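Participant: Input: one structure, supplied below.
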Amino acid sequence: MGKLFRTRDKLLLGLAILGDLYTWSVTTKSRTIRDLKRDPWSSRRSYPGSLRTAVSRMLKTGLIEKRVKGGEAVWELTGLGKNRLHRSFPLLKWQEKKWDGWWRIVIFDITAKRNWIRDKLRRKLLELGFGRWQESVYTSPHDVAEDMKEFLQSEHLEEQVSILETRELWPNNQEKIERMWKLNKLNKKYLTIVEKFQEGKKQKLRVDYLAAVGIDPFLPKQFLPQPWFGDEARRIISRLSIVRKSRS
């Protein structure tokens with residue numbers, strides 16, 4: 001999922017994962033956006049004006065809706081917003097699904113003269129959770145063949161790219177999976193979140209979690225290193241959100 005996101009996409013992802021992180025007071029004109037000042041993908045401050053503009057546009061297009069609770073305006077995703085979220089972050093829907101046992105393999109042969117479209121294809125593959133097996137061979141356990149076909153047709157790449165589906169990826173060993181998706185490095189990011197929480201260092205945990213989620217391919221559990229700290233990190237973030245909501 002690692003890519004550059006527009007403000008709208010950041011808000012959609014934050015609402016879906018963190019919920020009340022994207023809540024700010026509208027009780028007085030002097031109060032400004034509180035939590036949205038911080039960019040969820042880094043530790044730097046974001047310009048509040050651009051965030052207000054993004055929120056305004058999302059309200060007009062029906063991606064989010066506003067509910068007022070106890071004098072606080074809470075923005076929530078609509079059905080349309082959830083659909084847009086899954087279009088922008090297709091891997092989120094595979095987070096809880098059971099693997100169907102099929103591997104999807106994409107093989108392409110695009111000349112160096114069309115390097116721009118080759119790079120665009122690679123970005124799409126990474127967006128859909130593919131791992132790089134070889135130079136022009138990518139694979140994924142997610143059921144994204146139709147998404148890929150739609151992309152290839154829109155870019156007129158049907159003649160240069162092939163999509164295969166197979167039950168067996170031989171040799172299907174953990175070393176190969178680690179090489180394609182760098183899972184140990186990702187697991188350390190999640191572990192850092194767990195350790196910071198245990199040490200009482202709760203500042204920026206949501207920021208760190210969103211950054212980790214942004215590069216998580218959400219592979220089936222049987223391919224993840226053990227112990228896998230992504231589940232514990234998610235529980236911690238959910239717990240922090242519940243505590244914050246009970247205090248509001």
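Participant: Suppose we filter the stretch 160-206 for residues that are in contact with a strand residue (DSSP E or B) (Cβ under 7 Å, 6 or more places away or on another chain) and more than 19 Å from His142 (Cα to Cα); how many remain?
Facilitator: 1
Participant: Any residue that is surrounded by fewer than 20 Cβ atoms within 10 Å (Cβ to Cβ) and closer than 13 Å to Gly131 by Cβ - is there at least one of those in the stretch 206-215?
Facilitator: Yes, there is a match, as at least one residue in the stretch 206-215 is surrounded by fewer than 20 Cβ atoms within 10 Å (Cβ to Cβ) and closer than 13 Å to Gly131 by Cβ.
Participant: If I go through the stretch 135-162 residue by residue, how many of them are under 24 Å from the mean Cα position of the chain (by Cα) and not hydroxyl-bearing (Ser, Thr, Tyr)?
Facilitator: The qualifying residues number 14.
Participant: Can you say whether Gln203 is open to solvent by 60 Å² or more (accessible area, probe 1.4 Å), modelled with pLDDT of 90 or more, farther than 20 Å from Ala16 by Cβ and not in a helix (DSSP H, G or I), as far as the supplied structure shows?
Facilitator: On the way: open to solvent by 60 Å² or more (accessible area, probe 1.4 Å): yes; modelled with pLDDT of 90 or more: no; farther than 20 Å from Ala16 by Cβ: yes; not in a helix (DSSP H, G or I): yes.
Taking the combined requirement at face value, the residue does not satisfy it.
Participant: Same structure again: Which members of the stretch 165-187 meet the condition of being part of a helix (DSSP H, G or I) and not polar (S, T, N, Q)?
Facilitator: Glu175, Lys176, Ile177, Glu178, Arg179, Met180, Trp181, Leu183, Lys185, Leu186
Participant: Please enumerate the residues belonging to the stretch 178-200 that are open to solvent by less than 10 Å² (accessible area, probe 1.4 Å) and within 27 Å of Arg104 (Cβ to Cβ).
Facilitator: Leu183, Leu186, Tyr190
Participant: In this structure, is Glu175 open to solvent by 40 Å² or more (accessible area, probe 1.4 Å) and in contact (Cβ under 8 Å) with a residue 40 or more places away in the chain?
Facilitator: Considered against the rule, which asks whether it is open to solvent by 40 Å² or more (accessible area, probe 1.4 Å) and in contact (Cβ under 8 Å) with a residue 40 or more places away in the chain, Glu175 comes out as no.
Participant: Look through the stretch 59-73, keep the residues that are modelled with pLDDT under 80 and part of a loop (DSSP other than H, G, I, E, B), and return whichever of them is least open to solvent (accessible area, probe 1.4 Å).
Facilitator: Per the criteria, the residue is Gly71.
Participant: For the stretch 98-116, which positions are more than 19 Å from the chain's Cα centre (by Cα), in contact (Cβ under 8 Å) with a residue 24 or more places away in the chain and assigned to a loop (DSSP other than H, G, I, E, B)?
Facilitator: Listed by number, the residues that qualify are Asp100, Gly101, Trp102, Asp109, Ile110.
Participant: Quick one: is Trp228 exposed (fewer than 12 other Cβ atoms within 10 Å of the Cβ) and of a type in the set (Phe, Trp, Tyr)?
Facilitator: No, not satisfied.
Table: residues versus (1) open to solvent by less than 80 Å² (accessible area, probe 1.4 Å); (2) part of a loop (DSSP other than H, G, I, E, B).
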position	(1), (2)
Trp75	yes, no
Lys82	no, no
Arg87	no, no
Leu91	yes, no
Arg118	yes, no
Arg132	no, no
Asp143	yes, yes
Asp147	yes, no
Ile163	yes, no
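Participant: Which ones in the stretch 149-161 are exposed (fewer than 15 other Cβ atoms within 10 Å of the Cβ) and among the polar types (S, T, N, Q)? Even if it seems obvious, please write down each step before you answer.
Facilitator: Of all residues in the stretch 149-161, those exposed (fewer than 15 other Cβ atoms within 10 Å of the Cβ) come to 149-150, 153-156, 158-159.
Gln153, Ser154, listed by residue number.
Participant: Same structure, new question: Can you tell me which residue within the stretch 97-116, out of those that are β-branched (Val, Ile, Thr) and either out of contact with any helix residue (DSSP H, G or I) (no Cβ under 8 Å at 6 or more places or on another chain) or modelled with pLDDT of 95 or more (or both), is least open to solvent (accessible area, probe 1.4 Å)?
Facilitator: The residue in question is Val106.
The values are calculated or read from the model by the stated rules, or taken from the named source; none is laboratory data. All values derive from a computational prediction rather than experimental measurement. All Cβ positions, even for glycine, are placed from backbone atoms using ideal geometry, and neighbour counts span all protein chains on display. The accessibility values were calculated without ligands, DNA or RNA, using every heavy atom of the protein model including side chains. Shrake-Rupley method; radii C 1.70, N 1.55, O 1.52, S 1.80 Å.
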